[in-house]
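Every number here is computed from the coordinates shown, using simple stated rules; none is lab data. In this text, all values refer to a predicted model and were calculated from it rather than measured experimentally. Every residue, glycine as well, gets a Cβ built from its backbone with ideal geometry; the counts of neighbours run over all protein chains shown.
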Amino acid sequence: MSPEVAIDADLLPDISELAIEDNDPDILIDADLLPDISKLVIEDDVPVDNLISEKQQRLLTEPLYSNAALLGGRSFLLAANVGVFYAVRQPPLVPDVFLSLDVEVPQDWREKKNRTYFVWEFGKPPDVVIEIVSNKEGNELGSKLNDYARMGVAYYLVFDPLQRLGNVLVRSFELRAGRYQELSSSWLEAIGIGFTLWHGTFEGKQDQWLRWCHADGTVVPTGAENADQERQRAEQEHQRAEQEHQRAEQERQRAEQAEVRVAQLAERLRAMGIDPDA
């Protein structure tokens, strides 16, 4: 998406008759007073990601949808490379990944306003933004950091897998009094989730990845990892059941052998003229 596209002043609503001061908290802005987006470019279909970013984006988005209960049942929208329009006179920002809590995803994709993230439609900015550094042109620790602070994003993460910006692989910031303060912890307290660097193989590529994690540091699994863990649990359960069956069979055989020995002993006693039942 082209970052230079902004809503033209001619598309802004006429607010001359809008009451801007009222004691009634339930007053809503009429739909006719929202910006006209009919001529606004919200998607340009230009592929710009490299393989690192593409895989990393999916490793950050898919696991939360595969473990939706992790966020305490809260509704959320997690997306990659989707424009966020936060001000009518400003061009959109296009995070590599963003997470927005307590929002409902519109079901009708045919409506233009439902195909991107208009802050005035969702009622809030995203809660978390993650930028994946591929070169120095993105200015992730400069203008973008200031832009996301101005937008009101609570947490901002910068992952630098190729170390284009220095020796620190991941840096995190929390918005405090309108400015970002760098965090020393990997736990996002207001969200109830953390992040960690994980050495492993994702889709056949072994590398160091940025992943969501639980409070104890264990990674939030992907759907495939969940399925693999379930398969392993099923195999272990099958092995335990098979071992139990083998133990039961051994017990049955020992019991049968004991009965045979008792019967043989009884026969010998009878042959000696001794009643074994006496």
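Brief remarks on what is shown
- Each peptide in 236-248, 84-96 gets a packing score, the mean of other Cβ atoms within 10 Å over its residues, and the list from highest to lowest is 84-96, 236-248.
- Over the Cα atoms of segment 222-278, the radius of gyration divided by the Kirkwood radius equals 1.55; this is the Rg/Rh ratio.
- Radius 13 Å from Cβ of residue 247, net charge of other residues (Lys, Arg +1; Asp, Glu -1): -1
- Count Lys and Arg as plus one, Asp and Glu as minus one, and take only other residues whose Cβ is under 14 Å from that of residue 106; the net charge is then 0.
- Computed E for residue 247/residue 225 - FRET, C-beta separation, R0 35 angstrom, nearest 0.05: 0.60
- Under 22 Å from the Cα of residue 113 - lysines, other chains or at least 8 residues apart: 39, 124
- Amide N of segment 220-263 lying under 17 Å from the label point, which is placed 7 angstrom from the Cα of residue 274 along Cα→Cβ: 261-263
- Where labels lie 7 Å past Cα in the beta-carbon direction, separation of residue 259 and residue 115 in nm: 7.6
- Partners for residue 136 among lysines (Cα-Cα distance below 29 Å; same-chain residues under 8 apart left out): 55, 144, 205
- Peptides ranked, highest mean first, by Cβ atoms within 10 Å: ranges 98-107, 151-160: 151-160, 98-107
- Cα centroid separation, segment 240-254 to segment 153-169 (Å): 56
- The residues packed around residue 152, meaning those with a beta-carbon under 15 Å from its beta-carbon, carry a net charge of +1 if Lys and Arg are +1 and Asp and Glu are -1.
- Ranked packing of 56-69, 199-212, most packed first, by mean Cβ within 10 Å: 56-69, 199-212
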